1. Between residues in region B:131-148 that are in the same structural domain as B:N312 (by TED's automatic domain parsing) and residues that are among the basic types (K, R) and surrounded by fewer than 22 Cβ atoms within 10 Å (Cβ to Cβ), which pairs lie under 8 Å by C-beta distance while being six or more apart or on different chains?
2. How about region B:128-143: which of its residues are at pLDDT 85 or above and more than 14 Å from every other protein chain (Cβ to nearest Cβ)?
3. For residues that are away from chain B (no Cβ under 14 Å), surrounded by fewer than 20 Cβ atoms within 10 Å (Cβ to Cβ) and out of contact with any Phe, Trp or Tyr (no Cβ under 7 Å at 6 or more places or on another chain), tally how many sit in region A:190-214.
4. Does region B:251-273 include one or more residues that are under 30 Å from B:I82 (Cβ atoms), in a helix (DSSP H, G or I), out of contact with any helix residue (DSSP H, G or I) (no Cβ under 8 Å at 6 or more places or on another chain) and not hydrophobic (A, V, I, L, M, F, W, C)?
5. Test B:G187 against the stated conditions and say whether it is among the small types (G, A, S), buried (at least 24 other Cβ atoms within 10 Å of the Cβ), in contact with a strand residue (DSSP E or B) (Cβ under 7 Å, 6 or more places away or on another chain) and under 24 Å from B:K278 (Cβ atoms).
6. Identify all residues within region B:32-89 that are within 30 Å of B:A153 (Cα to Cα) and surrounded by fewer than 14 Cβ atoms within 10 Å (Cβ to Cβ); write none if there are none.
7. Kindly indicate whether A:I82 is in the same structural domain as A:K95 (by TED's automatic domain parsing), aliphatic (A, V, I, L, M) and without any contact (Cβ under 8 Å) to a residue 60 or more places away in the chain.
8. Of A:D177, A:D146, A:D169, which residue is surrounded by fewer than 24 Cβ atoms within 10 Å (Cβ to Cβ) and more than 14 Å from every other protein chain (Cβ to nearest Cβ)?
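The values are calculated or read from the model by the stated rules, or taken from the named source; none is laboratory data. Everything numeric in this text was worked out from a predicted model, so none of it was measured. When we count neighbours, we look across all protein chains shown, and the Cβ atoms used for this are built from the backbone with ideal geometry, even at glycine.
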There are 2 protein chains.
Amino acid sequence: MKTRILSILRNTDGHISGEKLSDELGITRSAVWKHINSLKEDGYEIDSVRNKGYRLIKSPDIPDSSIIKAGLETELIGSTVIAMKTVDSTNEEVKRLAAEGAREGLTVVSAEQTAGKGRFSRSWSSGNDGGIYFSFLLRPELPPADIASITLAAGYAVCLAIREFTGLDARIKWPNDIIIGRRKLCGILTEMTAQSDRIDHVIVGIGINVNNHSFPEEISGKATSLYLEAGKEFDRNALLSCVLNMLDKVITRFLISLSIDDIEHFKSLCVTMGKTVKISRAGKEISGEACSITAAGELIIRTEDNTELVINSGEVTVQGIY
Amino acid sequence: MKTRILSILRNTDGHISGEKLSDELGITRSAVWKHINSLKEDGYEIDSVRNKGYRLIKSPDIPDSSIIKAGLETELIGSTVIAMKTVDSTNEEVKRLAAEGAREGLTVVSAEQTAGKGRFSRSWSSGNDGGIYFSFLLRPELPPADIASITLAAGYAVCLAIREFTGLDARIKWPNDIIIGRRKLCGILTEMTAQSDRIDHVIVGIGINVNNHSFPEEISGKATSLYLEAGKEFDRNALLSCVLNMLDKVITRFLISLSIDDIEHFKSLCVTMGKTVKISRAGKEISGEACSITAAGELIIRTEDNTELVINSGEVTVQGIY
């Protein structure tokens, strides 16, 4: 009911009377009054004027599916948007809904994760701290090996969207970390279920540090936020619409095939290029200079003895970056 | 308690007295007598002689974890064996146990699946009809693309085991169907969950037509069983131990790397080689002559205009074979 009231308030120029609201919603005027008060408690600024009614002045900076949807120009991602105040993990929520048959494009967003997950089973700090956490569902008819391209495309799209929305110099650390300067801004965790020759579904989970004013001590040297970099806060719903639009455009394109322009643009944004990198792989450590990215998104490194290796997995450390 | 009684009966030469059984198990003699009767109802032939006690003469042909385990010489597969009379799908059962943290090598076997699954979301006929259905859990530290090798290795191992156990001329239809003559004997469904650069777990599900005397009309021209080919029944528990032993040996080897000998042997058993095949792939149909298998297990086909294509997924039809 609160969502319906918000939707009416958003679509009304000026004030709307309590009587009209109660007629449209089929509830009593005192019920309208109760819901308006509850919205105010949620952080919505609502002007109430005797004989004129109610007017929405400002929405709080919390995930709001109707605001996010209103900003979307997507074909696939965000077919359904579910906004939550808190969740164990947006990937887990999408996984549960996927098991119930959720449609491709389903997107779950939350201001907080109580059990956020990072790569290599690490936990990912995601308290209610100004960050935004979201996951979306894809069901591409592709072989399992193509998951690497989807992950790469996701990182590339988020980097482009952040550059566009904030003007900040966000960059990619291969394969899919987004950094500003030497610090991490965004993490991506892609999970899939597949049969031997076909993906069943892919869940892409993304966490972006937006309005975080500080970080826990143990990661404060390695993490940054849009707020810390720009010195101002950003509207998380508007940012998310922008990111989802870019993800939709880039991933739809990547699912067909990677263009040379995309790869070149990706490389130009990728701080890993030209750097000495260390790769840990099944317990062993390989070191070399990152010299290119293949059309499939793999990293090519040149080792000391001038051998070129194609790296498609494992953890990559770039000297000097978090 | 029935499992413990069976275990004692199997490890006793000749008869064991009811008194000794009741002492060893810590139950009354009348409880022993009740369990023995229940075992007889399950199909076990147990000789009871006054003053001598009980002796196991013959076990029924139903999956029995202690018999299967006794026949194992494996490092990994069958670390735990769970035998069931019936289950929805052995893959689903392993999936549930994997979610609860089951150890690598867990194997679930059933005489019947009420909701067996085939590739491309087809159902797989698996009533209580003489077939054997089993799934095992792997947690390899490999990138998701390697699932294709695991599936290939599984088919190859089952083919080798059936040849060894029965002497029948079982062959492989690429990638992993086992056939005799023109008819299908065994199906394999591999399912995985993974992150972008690492497999979380793989479940390999295998159904073998063993003592099936007939098939439903709609598949009778396409399916065969060991019984129909050899004219006699086989002990399913002993066959399964043999198959698990071979799977363990081959998959452990494949997880390290495919040897040239393995690939050559695989090719010699693969009926697809040299045949005209049709591949359906994302709605399109490609036709050509199957001319080789790569070290990664992909099929190479030569099309009419002499182009060589590497095929790693999609459904393959071989002319003249079911």
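1. Here the result reads none, with nothing in region B:131-148 linked to a residue that is among the basic types (K, R) and surrounded by fewer than 22 Cβ atoms within 10 Å (Cβ to Cβ).
2. Hits for region B:128-143 are B:G130, B:G131, B:I132, B:Y133, B:F134, B:F136, B:L137.
3. 1
4. The answer is yes; a qualifying residue exists.
5. Working: among the small types (G, A, S): yes; buried (at least 24 other Cβ atoms within 10 Å of the Cβ): yes; in contact with a strand residue (DSSP E or B) (Cβ under 7 Å, 6 or more places away or on another chain): yes; under 24 Å from B:K278 (Cβ atoms): yes.
When the stated conditions are applied, B:G187 passes them.
6. Of everything in region B:32-89, those that are within 30 Å of B:A153 (Cα to Cα) and surrounded by fewer than 14 Cβ atoms within 10 Å (Cβ to Cβ) turn out to be B:E73, B:E75, B:K85, B:T86.
7. Numbers: in the same structural domain as A:K95 (by TED's automatic domain parsing): yes; aliphatic (A, V, I, L, M): yes; without any contact (Cβ under 8 Å) to a residue 60 or more places away in the chain: yes.
Against the criterion (in the same structural domain as A:K95 (by TED's automatic domain parsing), aliphatic (A, V, I, L, M) and without any contact (Cβ under 8 Å) to a residue 60 or more places away in the chain), A:I82 qualifies.
8. It is A:D169.
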